[in-house]
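The structure appears right after this line, and notes come after that.
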Amino acid sequence: MSFDLVLFGGTGDLSWRKLMPALFQAFRHGTLPRDGRIVGVARDSLSDEQFRHLIEERFARVELDKRPGPDEFCRFAQLLHYQRLDLSRPEDYGALKERLQQRNAGTVVMYLATSPALFTTVCEQLAAAGLNTPSTRIVLEKPLGHDLASNRAINDTVRRVFPEQQIFRIDHYLGKPSVQNLFALRFGNALFEPLWRREIIANIQLTIAEDLGVEKRGAFYDSTGALRDMVQNHALQLLCALAMEPPISSDADAIRDEKLKVLRSLQPWSGEAIGQRAIRGQYGAGSVRGEPVRAYREEPGVAPDSTTETFVALRAEVANWRWAGVPFYIRTGKRLAARDAHIVVNFRPAPHAIFRTPLGAANRLVINLQPRDGLELHLLAQGQQQGRPVQSQPLVPVHLNLDFDQRFGSQRVGAYERLLLDVIDGRLNLFVRSDEQEAAWRWVEPLLDAWRGNESGLRTYAAGSWGPSAASAMIARDGFCWSEEQ
């Protein structure tokens, strides 16, 4: 299969940190089609050899197991080419077209690893140069807009140039093996489906925690915040995977139709609900892994009086027959106690207790997403203390642990590797449709409006903690416990 993968922003941070290592891993695994070419595009004046040397230098900064040896890179480098292009100059797109026509590859992927502010410019110029052919696929990185209006404006422009089936909107969480296993857990097994409903499940708790701060992205993050950066996309996509009805098939639109129904069923925000069901915070100075770290407002590029949230906790509800009354708790933030992403499904207690059980003990399913990947099923079993009658002994918690990393080992495929291969092959299952994005923006926008420039209700938490204690208090008000260890 012949393909040309054109990386706009080919010398940028995303390209060398994520995309090139992912493409190399696919090359190493033998899954990248051999009749392919990777063309880096940027404003720098570089030859093909200079571009290859630049990528080789930057490979030294990626994780050790993702670095190629000299011989491996020499073979991989034969796929790498470079084209100088100023995104605002129509004649440069003409030169790119000439270069692509030299091979006339069966598939051309235009990957926009640029600022989203440039998406419309690039798409319009591609159309003007005749580069929006039926064999072309366009890949858009998040964030796609900063609110509903800007998201619509970008999508409207892109759809005027490319039909929906040629547009690949990336949410890299959907490419993670652990998230794909979430779909397999629900729709590839008969075990949980009879239990997956309001009568059996008490609540579902979703945590995406990062121990890192904003690093060198202070200026970007200060105009974004945790709600836009994590909730509107990653967290809501996970919620959809948990709450959606079984699709009629594994086709992309069948899956995305069911996700859209969930997003449209989310209970909308009112002014009173925001005060009761939404909590935000901003990290102050603290300690992470024993090292002191500065407060968010002291980070480079961050305004000293910033009201941008770095922590969000929400109580969401899916207002349909399957889930009515079941809280979905979402918690995400930066500079928390650990890097950890997981989902806890808490089941209701047995309807009639005949055993003594520890206070707060319950059956629960823990779906670990990162850094671990696997399932834990927490049950209650009969204690076996010597010298006491069995009947008088309380039940004790036990759990079954399925470690997918240990089970599958080197077979695991990274998120960007999976997504890039799917773009080349034309598979849309793990990509987001425009109406999904709009529904997600519509749900979070009342929160954005209420919090914009408003310091009221913004809590400060020490870096290295689990965030505002009010998040756990909110859950406790509903009679549930949010375990910090989980």
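The values are calculated or read from the model by the stated rules, or taken from the named source; none is laboratory data. What you are looking at is a predicted structure, and each value in this text was computed from that prediction instead of being measured. Cβ placement follows ideal geometry from the backbone for every residue including glycine, while neighbour counts extend to all protein chains displayed. For accessibility, only protein heavy atoms count, side chains too; no ligands or nucleic acids. Shrake-Rupley method; radii C 1.70, N 1.55, O 1.52, S 1.80 Å.
Label zone of Arg34 (point 7 Å out along Cα→Cβ, amide N under 19 Å): in the range 4-18 this covers 4-5. Could you please report the charge total around Gly30, scoring K, R as +1 and D, E as -1 over all other residues with beta-carbon less than 13 angstrom from its beta-carbon? Charge balance near Gly30 sits at +1. For the listed residue pairs Lys18/Lys176; Lys142/Lys261; Lys142/Lys334; Lys261/Lys334; Lys142/Lys259; Lys18/Lys259, the alpha carbons are over 20 angstrom apart in Lys142/Lys261; Lys261/Lys334; Lys18/Lys259. Computed from Cα atoms, the angle from the helix 148-161 axis to the main principal axis of the chain rounds to 40 degrees. Over the range 288-354, Cα pairs under 8 Å with separation of 6+ residues give a relative contact order of 22 percent. In the range 199-336, the DSSP beta bridges split such that about 70 percent are antiparallel, to the nearest 5.
Put simply, when 185-193, 271-279 are sorted by average Cβ atoms within 10 angstrom per residue, most first, you get 271-279, 185-193. For the pair Cys74 and Phe355, the difference between a 0.36 nm per residue extended length and the Cα-Cα distance amounts to 94.5 nm. Dimensions of the chain based on its C-alpha atoms, expressed as ranges along the principal axes with the largest first, amount to 82, 48, 47 Å. Averaging 1/r over each pair of different alpha-carbon atoms in the range 245-306 and inverting the result gives 16.2 Å, the Kirkwood hydrodynamic radius. Using a 1.4 Å probe over the heavy atoms of the protein chains, calculate the carbon and sulfur portion of the accessible area of the range 225-294 as a whole percent. With neighbouring chains kept in place, the figure for the range 225-294 is 49 percent. Evaluating 6.51 cos²θ - 1.76 cosθ + 1.60 at θ = phi - 60° for every residue in the range 85-102, the Karplus couplings come out as 7, 8, 4, 9, 9, x, 5, 5, 5, x, 5, 5, 4, 4, 5, 5, 5, 4 Hz, glycine and proline recorded as x. Evaluated at q = 0.16, 0.26 Å⁻¹, the base-10 log of the normalised Debye intensity for the range 1-69, with identical point scatterers placed on the Cα atoms, takes the values -0.55, -1.34.
Highest average first, the peptides 286-293, 319-326, 237-244 ordered by how many other beta carbon atoms sit within 10 Å of their residues are 237-244, 319-326, 286-293. Each residue, Gln393 and Ala303, gets one label point 7 Å from its Cα in the Cβ direction; the gap between the two is 6.2 nm.
Would you mind counting up the charge near Asp222? Only other residues with Cβ under 10 Å from its Cβ, with Lys and Arg at +1 and Asp and Glu at -1. Neighbourhood net charge equals +1.
The modelled label-to-label distance between Ala476 and Ala117, using points 7 Å beyond Cα along the C-beta direction, is 4.5 nm. Hey, any idea what % of the range 1-143's accessible area is carbon plus sulfur with a 1.4 Å probe? Roughly 47 percent of what the probe reaches on the range 1-143 is carbon or sulfur.
Once the 1.4 Å probe is applied to the protein heavy atoms, the chain comes out at 45 Å² accessible per residue.
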